[in-house]
Amino acid sequence: MEKYLGKKVDVIIDRKLGSIHPTHNFIYSLNYGYIPNTVSGDGEEIDVYIIGEFEPLERYSGYVLAIIEREDDIEDKLVVCKELNKYNKEQIEVLVEFQEKFFKSTVKMKK
């Protein structure tokens with residue numbers, strides 16, 4: 001996953017800002033999607049949190065700011081934004097907390 005840090009990616013949003021998770025009944029406070037034609041630890045596409053956007057989206061292009069590494073799950077997540085270095089680690093932790101609170105995870109950024 002580290003190869004994605006700092007790279008521009010295209011994302012398809014399958015869980016828009018404000019939508020409800022289909023099985024766990026929490027609301028997405030961010031747009032959440034995946035990078036097509038990639039494979040993550042669960043055999044599906046790599047999942048992505050989109051930060052810095054405040055309207056529900058269908059597609060998005062931006063830069064990978066961070067990796068959310070989950071110790072207690074088989075897949076990690078990427079964090080994508082229009083601008084590199086716009087958010088720090090602590091801000092990202094707060095923004096993804098709505099879902100990451102269910103996992104033991106850490107935010108990894110480019111040094």
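The values are calculated or read from the model by the stated rules, or taken from the named source; none is laboratory data. None of the values given here were measured: they were computed from a predicted structure. Cβ sites come from the backbone with ideal geometry, for glycine too, and all protein chains shown count toward neighbours. Calculation scope for accessible area: heavy atoms of the full protein, side chains included, ligands and nucleic acids excluded. Shrake-Rupley method; radii C 1.70, N 1.55, O 1.52, S 1.80 Å.
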* Asked: Counting only residues 5 or more places away or on other chains, whose amide H sits under 5 Å from the amide H of Ala66 once H atoms are built in the peptide plane?
  -> Val79
* **Candidate lysines - alpha carbon under 29 Å from Lys16, same-chain residues fewer than 8 apart omitted** => Lys3, Lys7, Lys8, Lys77, Lys82, Lys86, Lys89, Lys101, Lys104, Lys108, Lys110
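At a 1.4 Å probe radius, carbon and sulfur cover how many percent of the accessible area of the range 15-111?
Numbers: 2720 of 5600 Å².
The C+S portion of the solvent-accessible surface of the range 15-111 is 49 percent.
Taking loop as defined by DSSP and a crowding limit of 14 other beta carbons within 10 Å, which chymotrypsin sites (Phe, Trp or Tyr not before Pro) in the range 1-81 fit? Spell out each step's value before the answer.
Values: sites: Tyr4, Phe26, Tyr28, Tyr32, Tyr34, Tyr49, Phe54, Tyr60, Tyr63; in loops: Phe26, Tyr28, Phe54.
Of the chymotrypsin sites (Phe, Trp or Tyr not before Pro), the ones in loops of the range 1-81 whose Cβ has at most 14 other Cβ atoms within 10 Å are Phe26, Phe54.
Among rounded, prolate and oblate, which fits the chain when a ≥ b ≥ c are the square roots of the eigenvalues of its C-alpha gyration tensor, a/c under 1.5 means rounded, and a/b larger than b/c means prolate? Spell out each step's value before the answer.
Details: a/c = 1.18, a/b = 1.10, b/c = 1.08.
Rounded is the answer for the chain, as its axis ratio a/c remains below 1.5.
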* Points 7 angstrom from Cα along the Cβ direction at Phe54 and Thr23: gap in nanometres? -> 3.4
* Asked: Once the dipole of the chain is set up with Lys and Arg at +1 and Asp and Glu at -1 on Cβ about the Cα centre, which of Val96, Gly43, Ser61 lies farthest towards its positive end?
  -> Ser61
* Asked: Which residues' amide hydrogens lie under 5 Å from the amide hydrogen of Lys82, considering only partners 5 or more residues apart or on another chain, with H built in the peptide plane?
  -> Tyr63
* Structure fact -> Note, the range 66-77: 3J(HN,Hα) by Karplus (6.51, -1.76, 1.60, θ = phi - 60°), whole Hz, Gly/Pro = x, goes 7, 10, 9, 8, 9, 6, 10, 8, 8, 9, 9, 10
* Asked: Pick from Leu57, Leu78, Leu65: which is most flexible by mean-square fluctuation in a GNM of the chain where alpha carbon atoms under 10 Å apart are linked?
  -> Leu57
* Asked: Under a 1.4 Å probe, what is the accessible area of the chain per residue, stated in Å²?
  -> 59
* **the chain, dipole about Cα centre (Lys/Arg Cβ +1, Asp/Glu Cβ -1), debye to the nearest 20** => 480
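Could you work out the relative contact order of the chain, using alpha carbon pairs under 8 angstrom and six or more residues apart, expressed as a whole percent? Walk me through the numbers on the way to the answer.
Numbers: 238 pairs, mean separation 30.1, N = 111.
27 percent.
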* Structure fact -> Connecting every pair of Cα atoms under 10 Å apart in the chain and solving the GNM, the largest mean-square fluctuation among Ile74, Ile12, Ile27 falls on Ile74
* **Fluctuation leader among Lys82, Lys16, Lys101 - the chain, Gaussian network, Cα springs under 10 angstrom** => Lys101
* Asked: What whole number of Å gives the distance from the Cα centroid of the range 33-57 to the Cα centroid of the range 6-26?
  -> 6
* Per-residue ³J(HN,Hα) for the range 14-31, Karplus 6.51 cos²θ - 1.76 cosθ + 1.60, θ = phi - 60°, Hz, x for Gly and Pro -> 10, 9, 6, 3, x, 7, 9, 4, x, 10, 9, 6, 10, 9, 6, 8, 9, 6
